Amino acid sequence: MRTHIVKFIIKHPHQPFTAIRLKTTSTQYVSARARDPVFEKLMDKYKNLVKVIAIQDLILANPKNPCVSIDFLSRLSQKLHLNRGATSFLRKFPHVFCIYYDPNNSQPFCRLTDTAIEISCQEAEAINASLPLVVDRLLRLLSMSTSKMLPLRAIFKVWRELGLPDDFEESVIARNSDLFRLCDAHEPNTHLLTLVDGSHSNHFMAAVENWRLLECCKQDCSVDRIEMRYSFKHGYPPCMKLSKNFRAKVKEWQSMPYVGPYEEIGEKKRSKAGMMASEKRAVAIIHEFLSLTVEKMVEVEKISHFRKWFGIDLNIRDLFLDHPGIFYLSTKGKRHTIFLREAYERGCLIEPNPIYDARRKLLDLVVLGRRGLFNDENKLRDHFSCKEAEFQEEDSDQDDDISLP
């Protein structure tokens, strides 16, 4: 199907049919993709984690009094996608949240459990300890941009994925004024992050190039080193059938030269070979982008904000689906999330980092749900605090009568 589309574009470049055809095909293409049960199972866990993190951020937004009222969360239920209401959702995760009744405000509130607070502190410490890596990530992102600049709002979209501190404008950008500069864009209330010195890109090596070097240096390497020059690591879902024709096309694509993500690109060619080279460069850019993230994953909607700045003219979602050996696209949780396949094994990062380890602990608490609720006295006390919130509307005079001998 997609081969016919490419041929149609080359033969009829001025036909308006192309955009409509691609938009229609994309939805069918997503639903027809080969599922990977390992990544799908992982995304099942992440569905609730995303909501838990959103509530956690609201609680921690006030450091002096880290709590939030149930009434406030109830008003945000639709925005946070809490289908059965805030209280019902919070009670699903007693290892993360504790509901208690505040007599001063005469309403129930929610706070984090001691375990969840400890995990949050571990993540914050890991982020602060990795500030030199954060600077390197921003330099690499800006170096991949064709103009060596990126909109600040796009970086805000992926600040958590990149492991940036929540005050990165001050702690990273302002403190490294010799590397970064903020300037006004043509649009109102929009700022651009710019490289002060664009020569940094000459010293960067893409993650895929490091993999090629390691593969070629292995003593038992049976692959031709010339063939490895432009290759990417591939792995496919266990249920995906690989035909001879598909294997031949992948082999041809692997050997095709391309301009790397940190190299300057010349004028784009409209020939078939030029379009294929542009596609491979786009794959290399997205591969490098995912390699820079903490968990080697990002939502498609977020990464699409960088498409124009990276010089990618293709439909970015179709790009992921065209290369199932490199990327995996999941649609769980009403969001499209892309994974770097080679970075994972059995649903876990092959090379974890301290930030990932802390976030994984929070995921474990979410997956635990209500299991092990009464393992210790603190959790038992949290349970009775929840019960107290349920009956907080009882008449105080009646309570006084009951307490009399």
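Annotations for the structure displayed:
- Normalising the average separation of contacting C-alpha pairs (under 8 angstrom, six or more residues apart) by the number of residues puts the relative contact order of the range 35-91 at 24 percent.
- Subset of 51/79; 51/334; 241/334 violating a 22 Å alpha-carbon distance limit: 241/334
- Kirkwood's formula applied to the C-alpha pairs of the range 155-274 gives a hydrodynamic radius of 18.9 angstrom.
- Distribution of pairwise C-alpha distances over the range 319-361, 5 Å bins, in %: 5, 20, 22, 25, 19, 8, 2
- The Kirkwood radius of the range 86-230, taken over pairs of alpha-carbon atoms, gives through the Stokes-Einstein law at 10 °C and 1.306 mPa s a diffusion coefficient of 82 µm² s⁻¹.
- Residue-normalised accessible area of the range 107-164, given per residue in Å² at a 1.4 Å probe: 38 Å²
- If you model the range 231-340 as an ellipsoid using its alpha carbon gyration tensor, with each semi-axis the square root of five times an eigenvalue, the axes come out at 21, 20, 12 Å, biggest first.
- The range 38-110 - percent of accessible surface contributed by carbon and sulfur, probe 1.4 Å: 50 percent
- Note that the range 267-329 presents 37 Å² accessible area per residue, ligands and nucleic acids not counted, probe 1.4 Å.
- In the structure shown, the pairs 47/233; 92/361; 47/308; 64/302; 233/280 are assessed against 22 Å; a Cα-Cα span above that value is assigned to 47/233; 47/308; 64/302.
The values are calculated or read from the model by the stated rules, or taken from the named source; none is laboratory data. Not measured: the values here are computed from a predicted model. Please note that ligands, DNA and RNA were not included when accessible areas were found on the heavy atoms of the full protein model with its side chains. Shrake-Rupley method; radii C 1.70, N 1.55, O 1.52, S 1.80 Å.
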